[in-house]
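One structure is given here, and the rest of the page talks about it.
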Amino acid sequence: MSSEAPRVAAGRPLAGSILLADLVELTKPGITLMVVLTAGLGFLLAESAAHRGLSLLLLVETLVGTGLISAGGSALNHVLERDTDARMRRTANRPLPSGRLDPDAALLVGVVLGVAGMVYLALAVNLLTALLGAVALAGYVFVYTPLKRVSSLATIVGAIPGAIPPMMGWSAVTGRLGLAAWVLFAILFLWQMPHFLAIAWLCRDDYERAGFPMLTVLDPEGRRTARQVILYGAALVPVSLMPAALGLMGGVYLAGALVLGLVYLGAGLVFARRRTLPAARWLMLASILYLPAVLLAMLLDRIVLL
């Protein structure tokens, strides 16, 4: 009896830590971090364009609300895809398909986080930013997620809510959407496509097993996939230079964005030529490094301008 008690007591903190880790995984922290960073990018560019000092409180409020919406959408995505996640090696150990979390509890977490984020943005920031968050949440959960089961076009559709966060950052400062906000949307939209296609190529066996008609599943030789990678990568290069053309950024950003865009396109060209798993991994790595590098170029440019 006495020797059993310590084991039970020691198990409680362990169980609590597993539950906490599962709740964190439910929010897809990597995606949520990217969403928050791109929203912050839009915010900083809007303040730079308005020639005003940094409003730290408003920035924090914008990022908190945006992060809550992203986390809520990710949790709801877990709930809706728990059956297909169970059939994929990459996702079979997620909290819901593994049985560690109850779907109803995850649904409650997703709804609470999403609604809290929208309400917080509406009250602390402005209604337009909250509306953009609602559109992104609805597009991700109710359009992209179910469309993945029926059409390869889901990848394009899913890139739309993923490109909205910088517009949220912009609207938080200005209360409206202008050409610059749409340019930021276009940069994020175009960046996502080679990124998603690289992941889809690496995981195409998993996607086929789960019944997802991804382009990489329908295009086993990869010719159409390669064309799309090149198309979106090539379009990203001139679009990424538009913040400088609009006067939002200076020469530091212009040079950085050009080099980064060409490197990203180069990785896409290598993938298009070889269509191998190592080439897809390099493309995915290039896509992961591209965004923080562009953000760094913008921050350096902002420092130089100051």
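The values are calculated or read from the model by the stated rules, or taken from the named source; none is laboratory data. All values derive from a computational prediction rather than experimental measurement. Cβ coordinates were reconstructed from backbone atoms using ideal geometry, including for glycine residues, and neighbour counts include every protein chain displayed.
State whether one or more residues within segment 112-120 are in a helix (DSSP H, G or I), of a type in the set (Phe, Trp, Tyr), at pLDDT 95 or above and out of contact with any helix residue (DSSP H, G or I) (no Cβ under 8 Å at 6 or more places or on another chain). The answer is no; no qualifying residue exists. Residue pairs whose Cβ atoms lie under 7 Å apart, sitting 6 or more positions apart in sequence or on different chains, and linking a residue in segment 284-300 that is surrounded by 14 or more Cβ atoms within 10 Å (Cβ to Cβ) to a partner that is not in a helix (DSSP H, G or I), are Met298/Met249. Just so you know, in segment 135-153 the residues that are touching a residue at least 40 places away in the same chain (Cβ under 8 Å) and in a helix (DSSP H, G or I) include one that is farthest from Leu68 (Cα to Cα), and it is Pro146.
Restricting segment 244-263 to residues that are surrounded by 18 or more Cβ atoms within 10 Å (Cβ to Cβ) and out of contact with any Leu (no Cβ under 7 Å at 6 or more places or on another chain), the residue that is farthest from Pro194 (Cα to Cα) is Met249.
Scanning segment 46-67 for residues that are farther than 20 Å from Val183 by Cα, charged (D, E, K, R) and assigned to a helix (DSSP H, G or I) turns up just one, Glu61. Which of the residues belonging to segment 216-230 are surrounded by 15 or more Cβ atoms within 10 Å (Cβ to Cβ) and within 15 Å of Phe271 (Cα to Cα)? Once the filter is applied, which keeps residues that are surrounded by 15 or more Cβ atoms within 10 Å (Cβ to Cβ) and within 15 Å of Phe271 (Cα to Cα), segment 216-230 yields Thr216, Asp219, Gly222, Thr225, Ala226, Gln228, Val229, Ile230. Among the residues of segment 173-184, those that are out of contact with any Asp or Glu (no Cβ under 8 Å at 6 or more places or on another chain) and either crowded, with 20+ Cβ neighbours inside 10 Å or of a type in the set (S, T, N, Q) (or both) comprise Thr174, Ala180, Ala181, Val183, Leu184. Residues being farther than 23 Å from Leu33 by Cα and in contact (Cβ under 8 Å) with a residue 12 or more places away in the chain are represented in segment 103-122 by at least one member.
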